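Read-outs: derived from the displayed coordinates by stated rules, not from any lab. None of these values were measured; they are calculated from a predicted model. In this analysis, Cβ positions are derived from the backbone assuming ideal geometry, glycine residues included, and neighbour counts consider all displayed protein chains.
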C-alpha cells in the first residue's frame with residue numbers, strides 16, 4: 001500500500017533523473033555528431049580513454065583534452081579556497097550574529113539577502129562593479145591610482161570568482177551554523193561560566209565540538225556546490241582570461257553545446273565522471289547526517 | 001565553606017521589578033532552601049548569588065567580602081542546574097574534570113578528586129559513559145559530582161530534582177540530605193516543592209513576588225506562619241483558611257455559623273474581618289452535637305495509611321480533614337468537626353498572624 005503513494009513521485013523522478021542518467025551513459029559510449037542515440041555508433045570506452053589520455057596528469061597541457069584537465073584543476077583550486085573561505089567566514093559571521101549585538105535582526109537579513117538572488121544576477125552586479133570601467137575602478141582612479149584589470153588578469157579573475165561565489169552563498173551556510181549555535185543550550189555556557197572556563201576554551205572545548213555536526217554538513221554541502229559551479233563564474237569571467245577560470249561544468253557545456261563541433265559523447269563522459277565525484281560527496285554527506293541524527 | 005550575606009538586593013528587567021530589596025544572612029555550613037510559587041523570584045535570587053545575573057541594587061557578601069561585581073567564574077561557587085547542564089560530548093569523567101582543568105590542577109590531583117567524588121556518588125562504573133547513556137538520576141549525580149570536585153565555597157541547587165520521577169526524587173532527596181551531612185558545605189537550594197523544603201532545609205526562606213515572607217526552620221514556618229500566604233503555601237494538603245468576622249462576644253462567626261471559638265483579644269472591634277486557620281490533621285470528627293462545624297462530604301480520598309475528607313458547608317470554602325488509617329465515610333454524609341484549640345491560627349484583615357502564644 002505505501003508504495004502506491006510513492007509511485008507518482010517515483011515515476012516523475014525516474015523520468016527526469018534516472019532516464020537522463022541512462023541516456024547520458026549511452027551518449028558516453030557512443031560517438032559521432034548525431035543527436036539521436038540510435039544514430040550514434042558504439043565506441044565503447046573510447047570517450048573515457050580520450051578524456052584520460054595524458055602525458056602527465058600534473059600538467060594539463062600534456063593531455064589530449066587539455067581543456068577538461070584545465071577545468072579539473074581550476075575547479076579543484078576554486079573548490080579548495082572557496083570552501084575554506086566560505087566555512088571560515090560563515091562560522092565567524094554566525095558566531096557574531098549569535099551574540100547580543102544591536103541591529104542583530106537587520107544584519108541577519110543583510111547576510112542572507114544574496115542567497116535570494118539568482119546566480120546570473122549576482123554575477124552581473126559584480127561584473128558591473130569589477131569591469132574595466134566599473135564602479136571599483138572608478139573609485140580607484142578617483143583616488144589617483146591606475147586601473148586594475150580585475151577580470152582580465154588570471155590571478156585577479158580567480159580571486160573575484162571565489163569572492164563573488166562566497167558572497168552569494170555565505171548567507172545560506174551562516175544560517176545553518178547559526179541554527180546549530182542556537183541549538184546549544186544556554187545553560188551549558190552558564191555551567192562553563194560557573195566552572196571558570198576561559199572564553200577561548202569555551203569555544204574550542206564546547207562550542208566547536210557541539211557545532212561539529214553542522215560544520216560537517218556545511219563543508220560537504222559547500223563542496224558539492226563548489227564542484228558544480230558554473231553560472232556565476234561563466235557570466236562573470238566567461239572562463240577567462242584564457243582558460244584561467246574555466247570550470248569542469250563549463251567545459252561540459254561548451255563541449256556539448258557551444259563549440260563549433262558539438263561532441264555530445266565526450267561531454268557525456270565528462271559529466272559522468274563529475275557525477276561519480278558528486279555521488280561520492282553526497283554519500284559522505286548522507287553518512288555524516290545519519291551519524292548526527294543517530 | 002563560607003557564609004553569605006544579601007543586603008537589600010534588588011533586580012529589575014526594564015520597568016519590571018523582580019526582586020524588591022531582599023536581606024538575608026546564611027551561616028557557614030547551613031542548608032537553606034528558597035521556596036515559593038512560580039515567578040516568586042527564587043531562581044533569579046539564586047542566579048544573582050551565582051553571578052549569572054547582575055543586581056540592580058544592593059550588595060552580596062561572601063565571607064564578609066563584597067562580590068557584587070565579581071564575575072560568576074571568580075566567586076568560587078558551584079551550581080547544579082535544573083537541566084543538569086552536562087557537557088553532552090564529554091564522558092562523565094571529563095565532565096567532572098573540566099572545571100579542575102580550568103583551575104590548572106595536575107593530572108594526578110584531578111584524577112584523585114574525580115574518583116573520590118565518583119565513589120561518593122556511586123558513579124565509578126559510569127566514568128567512561130557519555131551523559132546520554134545515563135538515567136536521569138545518574139545525570140543528576142554527575143551534575144552534583146561536578147560541583148563537589150571543585151570544593152566550592154557554596155553549593156547552589158536550582159530545582160535539581162524537578163526533572164526526576166516521583167520515586168527517584170524521593171531517593172535523590174535522601175541522598176542529598178546524606179551528602180550535606182557528609183561534606184557539610186553551605187548549600188542554597190531552590191524549589192517550589194515544599195516537601196523538599198521541609199525535609200532538606202536547616203532554614204526555609206519563603207518568597208512571594210520578589211519579597212521574603214518568612215525565614216525560619218521548617219517547623220517554625222509550619223507551626224507559626226507569619227501570614228496567610230505562608231500558612232497556605234507551607235503544608236500539604238494546605239491549611240484550611242476560613243474567613244469570618246469577630247462577634248461582640250469575642251467569638252468568630254464564619255458564614256452564618258457562630259463558632260464557639262474564642263478569639264485572641266488583640267483589640268479588634270466587633271465585626272472586624274478575621275481568618276481562622278486550621279491544618280487538616282488538627283481537626284477531629286465528632287458527633288454533630290459536640291461539633292464546632294458541620295460539613296457535608298464532597299470527596300473521600302483513601303491513601304491507605306491515611307484518609308482525606310473534603311467537605312463543605314454553606315458560605316464556607318471547602319474544608320480538608322486528615323484522618324489516620326482507613327476511615328470509612330460516604331459521599332454526602334454529614335459529619336461534625338472539632339477544631340483543636342491549641343493548633344488554631346488567626347490572621348487579621350491584612351493577612352498577618354495574630355500571635356497569642
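Miscellaneous remarks
- Annotation: the antiparallel percentage among DSSP beta bridges lying fully within the protein assembly as shown is about 75.
- The distance from the alpha carbon centre of region B:197-240 to that of region A:59-79 is 80 Å, rounded to a whole number.
- Whole-number percent relative contact order across chain B, with pairs defined as alpha carbons under 8 Å at least 6 apart: 15 percent
- Acute angle (nearest 10 degrees) that the helix B:166-183 long axis makes with the longest principal axis of chain B, alpha-carbon atoms: 60 degrees
- Relative exposure of A:25, A:18, A:68, judged by other C-beta atoms within 10 Å (fewest first): A:18, A:25, A:68
- Most fluctuating residue given options B:135, B:91, B:43, as computed from a GNM of chain B linking Cα atoms under 10 Å: B:135
- In nm, spacing of pseudo-spin labels at residue B:306 and residue B:15 (7 Å Cα→C-beta vector): 4.6 nm
- Cα centroid separation, region B:112-128 to region B:314-357: 50 Å.
- Which of A:100, B:94 has the fewest Cβ neighbours within 10 Å, and the rest in rising order: A:100, B:94
- Label-point separation in nm, residue A:280 to residue A:147, each point 7 Å along Cα→Cβ: 4.4 nm
- Gaussian network model of chain A, Cα within-10 Å springs - most flexible of A:64, A:102, A:147: A:102
- Taking chain A and dividing mean pair separation by its residue count, relative contact order in percent (alpha carbons under 8 Å, at least six apart): 27 percent
- 5 Å binning of all Cα-Cα separations within region B:240-347, expressed as whole percents from 0 upward: 2, 12, 23, 25, 17, 11, 6, 3, 1, 0
- Residue among A:119, A:154, A:37 with the largest mean-square fluctuation in a Gaussian network model of chain A, springs linking Cα atoms under 10 Å: A:37
- At q = 0.12, 0.16 Å⁻¹, base-10 log of I(q)/I(0) for region A:138-294 (Debye sum, equal scatterers on each alpha carbon): -0.76, -1.00
- Rounded to whole Å, the principal axis extents of the Cα atoms in the protein assembly as shown read 118, 65, 54, largest first.
- For region A:1-156, the mean projected area of the C-alpha convex hull, equal to one quarter of the hull surface, is 18.2 nm².
- Using just its DSSP H runs of length 4 or more, each adding -39500 (n - 2.57), the protein assembly as shown gives a mean residue ellipticity at 222 nm of -13500 deg cm²/dmol after division by all residues.
- Mean separation of Cα contacts under 8 Å, 6 or more apart, over the residue count of region B:240-347: relative contact order %: 30 percent
- Sites residue A:290 and residue A:258, calculated FRET efficiency, Cβ-Cβ separation with R0 41 Å, nearest 0.05: 0.55
- Summary of the geometry: region A:1-49 and region A:183-209, compared by the centres of their Cα atoms, lie 52 Å apart.
- log₁₀ of I(q)/I(0) at q = 0.15 Å⁻¹ - region A:96-187, Debye sum with one point per alpha carbon: -0.73
- Rounded if a/c under 1.5, otherwise prolate or oblate - chain A, Cα gyration tensor axes: oblate
- Per-selection Rg to Rh, chain B - Cα, Kirkwood hydrodynamic radius: 1.07
- Taken over the C-alpha atoms, region B:9-168 has Rg and Dmax values of 17.0, 51 angstrom.
- Rounded to the nearest 10 degrees, the angle from helix A:154-182 to the longest Cα principal axis of chain A is 50 degrees.
- Computed from the alpha carbon atoms alone, the convex hull of region B:254-314 holds 113 Å³ per residue.
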